[in-house]
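The values are calculated or read from the model by the stated rules, or taken from the named source; none is laboratory data. Worth saying up front: this structure is predicted, and the values here are computed from it rather than measured. Please note: Cβ atoms are built from the backbone with ideal geometry, for glycine as well, and neighbour counts cover all protein chains shown.
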Amino acid sequence: MTGIGQNDFAPTGRRPLRMGDLAPDFEARTTHGLLRLSDLRGRWLVFFSHPADFTPVCTTEFVALARAHAQFEALGCTLLGLSVDSLYAHIAWTRAIRDLFDVEIRFPVIEDPSMEIGRAYGMIDDDAADSAAVRATYFIDPDGIVRAITHYPMTIGRSVDEMLRMVAALQASASGERLAPAGWTPGAPMLLPPDPDAEGADWFCRTAP
């Protein structure tokens with residue numbers, strides 16, 4: 001791994017990564033070759049970490065993401081995984097998934113044995129000895145800005161349907177002129193921002209025309 005750039009977060013003393021921040025750039029080895037995060041600009045990105053290869057919950061997540069890969073592509077969204085395991089472990093694990101579940105992992109998986117990237121993103125605490133408690137997801141827009149962050153415990157797998165919904169909702173509400181209500185799915189009505197000058201008692205919760 002080449003590591004975090006000079007203009008990115010320092011290894012210690014930084015504040016946590018937040019929504020609205022520019023995603024820290026880095027260059028690292030992946031199952032698809034050397035990758036620099038900034039090379040993915042121009043598309044939406046779902047950057048997610050998993051605690052370890054060859055673990056049950058992570059395996060089910062990767063199978064589900066592999067099966068939904070075309071749906072992310074249809075949204076103009078790239079998937080990018082990361083764990084502390086070595087590149088060789090990633091390759092062996094993704095091949096085992098292919099053989100056991102008949103799915104191809106078509107997205108890159110980053111090796112982060114030094115935990116440098118995980119710490120820069122707040123996936124791993126600076127004092128952590130390993131990444132056992134990490135299951136983080138960063139939804140990054142085409143300009144490289146972090147638009148949403150989710151964290152799950154090691155014992156619970158993420159919902160790929162919710163990840164897809166999040167990307168679609170972020171895209172649909174990106175202008176700020178429309179808001180996604182609870183449970184919103186693509187094609188469903190959206191909301192207007194509150195307007196105290198609007199007519200009617202529902203000025204604070206109006207369905208968009």
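Could you say which residue among Met115, Met166 is in contact with an Asp or Glu (Cβ under 9 Å, 6 or more places away or on another chain) and either outside the structural domain of Phe54 (by TED's automatic domain parsing) or not polar (S, T, N, Q) (or both)? Write out each step before concluding.
Numbers: Met166 fails: in contact with an Asp or Glu (Cβ under 9 Å, 6 or more places away or on another chain).
Just a single option satisfies the conditions, and that option is Met115.
Residues to consider are Ala70, Ala89, Ala52; find the one that is surrounded by fewer than 16 Cβ atoms within 10 Å (Cβ to Cβ) and not in a strand (DSSP E or B). Full working, then the answer.
Working: Ala89 fails: surrounded by fewer than 16 Cβ atoms within 10 Å (Cβ to Cβ); Ala52 fails: surrounded by fewer than 16 Cβ atoms within 10 Å (Cβ to Cβ).
Matching residue, one of Ala70, Ala89, Ala52: Ala70.
Might you check whether a residue that is under 26 Å from Leu35 (Cα atoms) and basic (Lys, Arg) occurs anywhere in the range 172-188?
Quick first cut of the range 172-188, residues under 26 Å from Leu35 (Cα atoms) only: none.
Checking the range 172-188: not a single residue is under 26 Å from Leu35 (Cα atoms) and basic (Lys, Arg).
Against the definition (in contact with a Phe, Trp or Tyr (Cβ under 6 Å, 6 or more places away or on another chain), at positive phi and at pLDDT 95 or above), how does Phe47 come out, yes or no? Let's see the steps before the verdict.
Details: in contact with a Phe, Trp or Tyr (Cβ under 6 Å, 6 or more places away or on another chain): yes; at positive phi: no; at pLDDT 95 or above: yes.
Spelling it out, it is not the case that Phe47 is in contact with a Phe, Trp or Tyr (Cβ under 6 Å, 6 or more places away or on another chain), at positive phi and at pLDDT 95 or above.
Go through (1) more than 18 Å from Phe54 (Cβ to Cβ); (2) hydroxyl-bearing (Ser, Thr, Tyr); (3) crowded, with 21+ Cβ neighbours inside 10 Å and name the single condition Ser83 misses.
With (1) more than 18 Å from Phe54 (Cβ to Cβ); (2) hydroxyl-bearing (Ser, Thr, Tyr); (3) crowded, with 21+ Cβ neighbours inside 10 Å applied to Ser83, the lone miss is (1).
Is one or more of the residues making up the range 156-165 touching a residue at least 24 places away in the same chain (Cβ under 8 Å) and farther than 20 Å from Phe72 by Cβ?
Within the range 156-165 (the criterion being touching a residue at least 24 places away in the same chain (Cβ under 8 Å) and farther than 20 Å from Phe72 by Cβ), the answer is yes, since at least one residue qualifies.
Does the range 130-163 hold any residues that are modelled with pLDDT of 95 or more, under 24 Å from Gly183 (Cβ atoms) and of a type outside the set (A, V, I, L, M), and which are they?
Passing the criteria: Thr137, Tyr138, Phe139, Asp141, Arg147, Thr150, Gly157, Arg158, Ser159, Asp161, Glu162.
Give Ala70, Ala96, Ala52, Ala120 a once-over and let me know the one that is of a type in the set (Gly, Ala, Ser) and under 21 Å from Asp161 (Cα atoms).
On the way: Ala96 fails: under 21 Å from Asp161 (Cα atoms); Ala52 fails: under 21 Å from Asp161 (Cα atoms); Ala120 fails: under 21 Å from Asp161 (Cα atoms).
Result of the check over Ala70, Ala96, Ala52, Ala120: Ala70.
I'm checking my understanding of the structure. Among residues of the range 8-39 that are farther than 16 Å from Val146 by Cβ and modelled with pLDDT under 95, which one is surrounded by the most Cβ atoms within 10 Å (Cβ to Cβ)?
First pass over the range 8-39, keeping only residues farther than 16 Å from Val146 by Cβ: 10-13, 27-36, 39.
Adding the requirement that they be modelled with pLDDT under 95 leaves 10-13.
Values: Ala10: 9, Pro11: 13, Thr12: 8, Gly13: 7.
Selected residue: Pro11.
Specify the residue that is surrounded by the fewest Cβ atoms within 10 Å (Cβ to Cβ); the eligible residues are those in the range 92-107 that are assigned to a helix (DSSP H, G or I) and among the hydrophobic types (A, V, I, L, M, F, W, C). Full working, then the answer.
Looking only at the range 92-107, we keep the residues that are assigned to a helix (DSSP H, G or I), and these are 92-101.
If we keep only those that are among the hydrophobic types (A, V, I, L, M, F, W, C) as well, we get 92-93, 96-97, 100-101.
Working: Ala92: 14, Trp93: 22, Ala96: 13, Ile97: 21, Leu100: 10, Phe101: 14.
Once the filter is applied, the top-ranked residue is Leu100.
Here is a yes/no grid of residues against (1) outside the structural domain of Asp39 (by TED's automatic domain parsing); (2) in contact (Cβ under 8 Å) with a residue 12 or more places away in the chain; (3) hydrophobic (A, V, I, L, M, F, W, C):
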position: Val57; (1), (2), (3): no, yes, yes
position: Ala66; (1), (2), (3): no, yes, yes
position: Phe72; (1), (2), (3): no, yes, yes
position: His90; (1), (2), (3): no, yes, no
position: Leu100; (1), (2), (3): no, no, yes
position: Ala120; (1), (2), (3): no, yes, yes
position: Phe139; (1), (2), (3): no, yes, yes
position: Pro142; (1), (2), (3): no, yes, no
